[in-house]
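What follows is a short report on a single structure.
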């Protein structure tokens with residue numbers, strides 16, 4: 001939306017600015033600049049003819065704020081009416097005319113442009129500037145110092161216990177054959193080998209009593225050092 005302000009009319013109806021203040025014009029330009037930066041809109045301030053300004057300097061831009069000084073033969077009222085008239089009818093609805101001059105308000109309204117009295121717009125302006133600015137959570141930027149302070153305050157995120165380090169070999173569950181060895185239950189292959197050994201040592205006639213096998217503490221330690229302890233489920 002483009003906002004067109006009858007500048008001296010605005011100052012004359014302001015609670016904060018005064019026409020007899022030499023810096024009033026600079027103050028209103030500054031205020032409008034702050035307002036535009038907050039609401040992301042453009043404002044055109046129309047001042048009555050500046051007799052000391054060169055013709056080429058009658059229109060100046062300050063960011064989103066355009067300052068227009070009318071020529072000596074035109075008033076701000078004439079300039080605002082012309083701006084409304086020259087705009088396409090469908091675009092007038094996106095304009096806002098700010099003035100407390102009844103003639104300007106009636107003209108803009110009859111041409112389909114929204115209007116707002118100067119004192120009402122001033123209230124809206126200060127209300128907008130006094131409202132805390134919303135935090136931009138998408139484009140927020142933190143310095144390295146702020147990041148370190150945040151980490152000291154809240155700590156780092158705990159690592160996922162399921163993830164393994166690059167240098168750590170993933171744990172593999174013991175095979176069924178290894179489990180049987182650890183529990184003292186020999187595999188079929190191990191049974192055949194030990195049967196052959198026992199048959200050879202006993203002349204091939206006696207079988208080993210696998211139920212009443214007794215191992216010495218030294219044999220148990222050697223066995224455990226080779227196959228390890230069984231992991232609990």
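Worth pointing out:
- Test for residue 66: is it within 16 Å of residue 95 (Cα to Cα) and in contact with a strand residue (DSSP E or B) (Cβ under 8 Å, 6 or more places away or on another chain): yes
- Total residues in the range 80-111, condition touching a strand residue (DSSP E or B) at 6+ places or on another chain (Cβ under 9 Å), without any contact (Cβ under 8 Å) to a residue 60 or more places away in the chain and not in a helix (DSSP H, G or I): 1
- Only one entry of 102, 90 meets the criterion of being at pLDDT 95 or above, closer than 30 Å to residue 45 by Cβ and loosely packed, with under 11 Cβ neighbours inside 10 Å, and that entry is 102.
- Residue identified as farther than 25 Å from residue 129 by Cβ and in a loop (DSSP other than H, G, I, E, B) among 71, 14: 71
- Meets criteria (at pLDDT 85 or above and either closer than 30 Å to residue 31 by Cβ or over 17 Å from the mean Cα position of the chain (by Cα) (or both)) for residue 130: yes
The values are calculated or read from the model by the stated rules, or taken from the named source; none is laboratory data. This one's a predicted model, so the numbers in the text were calculated from it and none came from an experiment. Virtual Cβ from ideal backbone geometry, glycine too; neighbours counted across all protein chains shown.
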